[in-house]
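First the structure, in the form of structure tokens, and then the observations on it.
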Amino acid sequence: MPEPNALLCILIVEDNPADLFVLEGLLWKTRLPIGQIVKAKSNEEADSLLKKEKPNLILLDLSLPDSVGIESFKHINNIAPNIPIIVLTGLSDMDMALETMAAGAQDYLVKAEFDEKLLSKSIQYSIERKRNLENTRVSNERYNIVVKATNDAVWEMNLADQTVLWVGDNFKKTFGYDLVDVYVDANDWIYKIHPEDRDRVQQSITDTYTKSGSPYWKEEYRFLKSNGQYAYVLDRGYIIYENEQPTRMIGAMQDITERKENAEMILLSEKRYRSLFYYNPMAIFIWDLQSHQIVEVNDMAEKEYGYTRDEFVQLTLWDLRSPDNFGKLKLFIEHIATSDEMDSGGTWEHITKTGERIFMNIFSHRIQYNGKDAVMAIAQNVTGKLLLEKKLEEERLIKQKEIAEAVINTQETERHDISRELHDNVNQQLTVAMMYIASAEKKQQPGSDLLRQSADFILHAIEEIRRLSKGLVTPLIKDFGLVKAIESVLEDLSAVNDMKIDFVSDTFFEDDIHYDFKLSIFRIVQEQVNNVLKHSGATELKIDLGRNRNSIYLSIYDNGVGFDLAVQKKGIGLYNITSRVELFNGTISIHTAPTSGCAMHMSFPITQDIMRH
């Protein structure tokens, strides 16, 4: 047995490369102080290694090329009786595993049903248990007490007078009764057997020495401890005959409560796993990695695809795909069969029993199923989600088209207004100026007056052109900021209008805001101010521009005549404003009615589209 903190040498006797790979990986994942792992594929190879190596523990597969079942254990155990052995078995070999435990194995593990934590505990338990068994054996040899199971409560029954001798103090240690090397009535033992097991155990003992012809007896039952709890025990006996008559029975009672509870936990775990598999809200199916045959499905898979379980197991993976996906499926199968990665995920188009095409988001995991390489696929139907995403994308494209059309309409309107201003105002003033200059040349009037009047008309034309240019371009935004640009517009408005104007921007700061967003806000203010001037007859105008941690807001209020929103909702002005708001994922609310003025409030979430990169 290894000393505490010493590096462990572990021998794995396993001929399946996949199982060997998984087991070796789990060993290195444990926190055990492992110094060396040696491997053998058969009993013969293990014999050779055991002559050269002295492992601290043996992990033994019961199915080997040169030995099967308990014979594999017996062979290795005979060669290395002092080395703890953990048996590796499948779910179908549980009885064989328990038999090896009875024959002296320290523990057993079910393949594919344990992780590195359980493996670590089993190794530590097995090494410790083997150490305790060996110590007890040495101690018992010193006291010349022969027992058939270490740590067992050894007993001897006199069949003639039905008395029982509890040998040594193991009975006291294990079950708590103060009975050490004393005889008691056999009924005292019988009455401590659980009522549900009592008749069976009594009949088994009687049958052994009266009918079976074998001197060996063994039973599992529940035995009452001094603390009032029942322990699971494995009781074994050997009948001694005198003159061909059974006279005594020597046995050993072993507390197997921990092992029994572990076995029950394994069964419970398997039951829970089956419940998790069959009643999982996601569709699950298992397919064979070699044949691609579907071998198991859960209830949700039947519901999603429309096949019954019996119909499913007649299908292969290819039956769920359309021919145009066969190439992709072939590459996937090759990848999951050869890759070191145990998991794979992706979205696949599947075909149901009715021929309907559905989209399944599938997570695939390579497993062992009934001793064969298989893949467990967990699938979620995302057809509705993908169709919704497609619909949202179509709506987004339509909205972009509407915004583009609104921008074009706005540009055309601005061009028309500019053309009209140039024709009706600037062009007329320049024409008159040209006529005055021509008259001055002909000296029909005093030249200085004509030239002075011409200069006035030209000056007015220049002012009109400056005003038009100022409405088209916004150099103030780039040079001085959005707030200054809005103030400039409002100052020009105040100069030619008696309207009371109030602009509040105390909580607004714009250094980190993108120019395109500031330009959109400026155009919104321009549009609504023009609407107020043209249609409202208002005497008061209030604009509030602000910002908080999560959003930027703009409010425009006038006390004009208001309007019927149901009638004006599709007007080009409101549509332009709404389009600019939606361009930056903003929201807009308008509160108005005839004779009640108009209050317009806009809010924009602060996102990457708004912030300057």
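Worth a mention:
- Pairs are defined by a Cβ separation below 7 Å, a sequence spacing of at least 6 or placement on different chains, a first member in the stretch 544-558 that is assigned by TED's automatic domain parsing to the domain that holds V532 and in contact (Cβ under 8 Å) with a residue 12 or more places away in the chain, and a second member that is of a type in the set (D, E, K, R) and in a strand (DSSP E or B); the pairs so defined are S555/D544; Y557/K542; D558/E540.
- Condition check for T354: loosely packed, with under 11 Cβ neighbours inside 10 Å, in contact (Cβ under 8 Å) with a residue 40 or more places away in the chain and either among the hydroxyl-bearing types (S, T, Y) or under 30 Å from D93 (Cα atoms) (or both): yes
- Test: residue in the stretch 63-71 that is touching a Pro at 6+ places or on another chain (Cβ under 9 Å), in the same structural domain as L50 (by TED's automatic domain parsing) and buried (at least 16 other Cβ atoms within 10 Å of the Cβ): no
- The set of residues from the stretch 90-124 being modelled with pLDDT of 85 or more, hydroxyl-bearing (S, T, Y) and out of contact with any strand residue (DSSP E or B) (no Cβ under 6 Å at 6 or more places or on another chain) comprises just one member, S120.
- Of all the criteria given as (1) charged (D, E, K, R); (2) surrounded by 14 or more Cβ atoms within 10 Å (Cβ to Cβ); (3) over 30 Å from G90 (Cα atoms), the one not satisfied by D235 is (3).
- Test for I521: is it modelled with pLDDT of 85 or more, in a helix (DSSP H, G or I) and closer than 23 Å to I606 by Cα: yes
- Residue that is surrounded by the most Cβ atoms within 10 Å (Cβ to Cβ) [pool: residues in the stretch 489-531 that are in contact with a Ser or Thr (Cβ under 8 Å, 6 or more places away or on another chain) and within 20 Å of V561 (Cβ to Cβ)]: M499
- Helices (runs of 4 or more DSSP H) wholly inside the stretch 1-102 that include at least 3 residues being out of contact with any helix residue (DSSP H, G or I) (no Cβ under 8 Å at 6 or more places or on another chain): 17-29, 43-52
- The sole residue among F508, F503, F457 that is modelled with pLDDT of 90 or more and either outside the structural domain of I590 (by TED's automatic domain parsing) or in a loop (DSSP other than H, G, I, E, B) (or both) is F508.
- Test: residue in the stretch 48-60 that is in the same structural domain as N77 (by TED's automatic domain parsing), in contact (Cβ under 8 Å) with a residue 24 or more places away in the chain and under 36 Å from the mean Cα position of the chain (by Cα): yes
- Taking the stretch 226-345 as the region of interest, the helices (runs of 4 or more DSSP H) fully inside it that hold 1 or more residues being under 30 Å from N170 (Cα atoms) are 257-278.
- Yes/no for V87 being surrounded by fewer than 17 Cβ atoms within 10 Å (Cβ to Cβ), among the β-branched types (V, I, T) and without any contact (Cβ under 8 Å) to a residue 60 or more places away in the chain: no
- Among the residues of this structure, Y177 does not count as one that is surrounded by 15 or more Cβ atoms within 10 Å (Cβ to Cβ) and in contact with a His (Cβ under 7 Å, 6 or more places away or on another chain).
- Inter-residue pairs, beta-carbon under 6 Å, first touching a residue at least 24 places away in the same chain (Cβ under 8 Å) and over 13 Å from Q202 (Cα atoms) and in the stretch 176-192, second of a type in the set (D, E, K, R) and surrounded by 14 or more Cβ atoms within 10 Å (Cβ to Cβ), 6+ apart: G176/K225
- In the set (1) in contact with a helix residue (DSSP H, G or I) (Cβ under 8 Å, 6 or more places away or on another chain); (2) in a strand (DSSP E or B); (3) without any contact (Cβ under 8 Å) to a residue 40 or more places away in the chain, the condition left unmet by F604 is number (3).
- Selection within the stretch 296-326: residues that are free of Cβ contacts under 8 Å to residues at least 24 places away in the same chain and among the β-branched types (V, I, T). The member of this set that is nearest to F359 (Cα to Cα) is V297.
- You will find that of T354, T308, the residue that is of a type in the set (V, I, T) and within 26 Å of L387 (Cβ to Cβ) is T354 and no other.
The values are calculated or read from the model by the stated rules, or taken from the named source; none is laboratory data. Quantities reported herein were computed from a predicted structural model and do not represent experimental measurements. No Cβ is skipped: glycine too gets one built from the backbone with ideal geometry, and neighbour counts run over all protein chains shown.
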